[in-house]
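The values are calculated or read from the model by the stated rules, or taken from the named source; none is laboratory data. Since the model is a prediction, treat every value here as computed from it, not as a measurement. Here Cβ is always computed from backbone atoms with ideal geometry, including for glycine, and neighbour counts include all displayed protein chains. Protein only, heavy atoms only, side chains kept; ligands, DNA and RNA dropped before computing areas. Shrake-Rupley method; radii C 1.70, N 1.55, O 1.52, S 1.80 Å.
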Amino acid sequence: MSENPKLAQLREKASRLPLKPGVYIMMDKAGEVIYVGKAKKLKNRVSSYFHGDHLPKVAAMVANVDTFDVIVVESEFEALMLENSLIKRHKPHYNILLKDDKGYPFLRLSDEPYPRFSVVSKTAEDGAEYFGPFGGRSVSFEIIETISKALGLPTCSLKFPQDAGKNRPCLQYHLNNCAGWCRGTPDRADYLARMDQAKLILSGKTRQLTDQLKNQMEQAAEELKFELAAEYRDRLRAIESLSNRQRVIATAFADTDAVGFARGARSCFTVLHFVDGDLAGKDYELMDEPIGTDEEVLPGLVMQYYLRRGTWPKTVLLPAAAGETEDLSRALTESAGQKVRAEIPQRGERLRQVEKARLNAQEEILRATSAQQRLSKTLEWLQKALALDTPPRRIEAFDVSNLGDTGIVAAMTVFKEGKPCKKDYRKFRIRDTATQDDYASMEEAVYRRFLHAKEGDGKFAELPDLLLIDGGENHVRAARTALDRLGMSVPVFGMVKDDRHRTRELVSADGQERGISGNPAVFALIGTIQEETHRFAITYQRSLRSESLKSELDDIPGVGEKSRNKLLDTFKNLDTIKTADYDELCRVVPKNIARAVYDHYHTEEEQQPCE
């Protein structure tokens, strides 16, 4: 068997690379960056991709490589920093990226006479104080509520001092959850003192605060100020009751983080946060199998995690598989603007912390795998029910939507491993069917989708294991005809709805029905696919229709975006706007615009006189 010429060409190009550190950039035929990696020795690392067998994901990446570039640098540190920068810029398909949409909110303490807490997504140089980040928005709001309740601070929307005395105290005052600042008492000095106590809690100095309150309580008792002493006692008890939730707050200023990484059916990256040796919190992220060894993968994941999170501990503990840590320590320090040390512990408590992080990563994989196994069983059942050769790991579904003879569209959704893969969704404007004909429209859409694949279009290259059509056997025959025209074979079934618009069965082109209601998991999966495909088709059809309506109304002098949207929201469609009388239009838009719209759609004989 002759060797692939492209592979030989890439291997020869890699053999001429220097034995120096740097970054390599893999690109496909379209010139898109599909993978970025770093190497101690570029020649050895890049050449390894074009020799021997690889794991499926690596093999898939190599199969899509058309060419590559390299950037030679002076050190492994520079390679690490450059790799992270290029991944962030290009977001390559085959790189392992931590989710960008995972929020790490902060608590903002406003700079005003009576400061108040709020939850924000990032810090700013606006004179306010910021604490965090914390694990999520719900956790952040819970922290505000808990600390405010413990210290008697307000959580209402009133502004002080201007709103003091305007209303009777609310229920929170009567429940002893608030000191009743709306009454005008206690005074601002007391308010600021309590806010300082809140800042101590958020800075992890709860012990310092409790010692302070004990001293104040004892002093008040010695001075025979028993009511004040009782108030300090109650506040002390409330703060001590925060001990369990204090761990949530502590994650924002952990002094030591332990990193764990495990591979299995999936891979998991875990970070445990420790404060004074005590575990305060955990972050983890599941991902597909990464390309490269742990030594190659871990430094990049660590950098991505902390740059996204925005806060850094003093020490990051790594497993031995991470390799040398000098360059990572330097990269973290430069990014943080403070000393951050990455190290691989050899013994003792720190080694046990890393082991605990690894164990947590393994446990998360087990939990995720059990859910994945259930989904795999669903796909296996579907395979048997439809007599497929393999479980349908990739399912594509089609639906047609139209408004009479105009705006005919089709939509294609994709489900991988039973989950929607929205980046692979596709839309089709039906071109060859002039009148409403769902069967012809379906045939055209399916034909165009597989024609793209046959012509080598990378966006359509991955073929489905199963094709689902919204409709009965006639719709399936239309899809089958399209495949036959191209000489291609894919299992096709129609999704037939019951009188409650739920998918009750799947039907083949020859009318054979496969009931699915007997298996709740399959019933739910097929129902979800049909609903999602219908939603996607309707949304696309409506967007085109809306564009058409907007373009016609925009041609009328005086009609701007605001007036156009009011007309469409009120009258719903263009025909209703055309037949509306002048008075009806005046109730929606100003008289001059109403006159312009009315005159646009009526002859002089039909026009009503102006008021």
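Each other residue within a Cβ distance under 9 Å of Met27 adds +1 if Lys or Arg and -1 if Asp or Glu, for a net charge of -3.
Among the trypsin sites (Lys or Arg not before Pro) found in the range 99-199, those both in a DSSP coil and sparsely packed, with 16 or fewer other Cβ atoms within 10 Å of their Cβ, are Lys99, Lys102, Lys122, Lys159, Lys166. Quotient of the Cα radius of gyration of the chain and 2.2 N^0.38 Å, N being its number of residues: 1.28. Model label sites at Glu74 and Gln219, defined 7 Å from Cα along the beta-carbon direction, differ in position by 5.7 nm.
The share of accessible area on the chain that comes from carbon and sulfur is 48 percent, using a 1.4 angstrom probe. Projected over every direction and averaged, the convex hull enclosing the alpha-carbon atoms of the range 395-479 yields 5.6 nm².
Output the Kirkwood hydrodynamic radius of the range 410-545, Cα pairs only, in Å rounded to one decimal. For the range 410-545, inverting the mean 1/r across all distinct Cα pairs yields 15.4 Å. Among 350-356, 69-75, 267-273, 82-88, sorting by the average number of other beta carbon atoms lying within 10 angstrom of each residue, highest first, gives 267-273, 82-88, 350-356, 69-75.
Taking the helices alone, the chain has a mean residue ellipticity at 222 nm of -14500 deg cm²/dmol, built from -39,500 (n - 2.57) per DSSP H run of at least 4 residues and averaged over all its residues. For the range 318-426, a Kirkwood hydrodynamic radius built from all Cα pairs, placed in the Stokes-Einstein relation at 25 °C and 0.890 mPa s, yields a translational diffusion coefficient of 128 µm²/s. Within straight-line reach of Lys40, meaning a Cα separation under 17 Å, sit the following lysines at least 8 residues removed in sequence or on another chain: Lys20. Checked against a 31 Å cut-off, the cross-linked pairs Lys122/Lys339; Lys43/Lys282; Lys88/Lys377; Lys88/Lys282; Lys422/Lys572; Lys91/Lys339 give Cα-Cα distances beyond that limit for Lys43/Lys282; Lys88/Lys377. Within the shell defined by Cβ-Cβ distances under 14 Å, the residues around Phe160 carry a net charge of +2, with Lys and Arg each +1 and Asp and Glu each -1. Computed over the range 33-91, the range of Cα coordinates on each principal axis works out to 31, 24, 18 Å, biggest value leading.
Among the GluC sites (Glu not before Pro) in the range 435-495, those located in a DSSP loop and surrounded by at most 14 other Cβ atoms within 10 Å of their own Cβ are Glu455, Glu462. A protection proxy built from the mean count of other Cβ atoms within 10 Å ranks the segments 370-379, 59-68, 477-486, most packed first, as 477-486, 59-68, 370-379.
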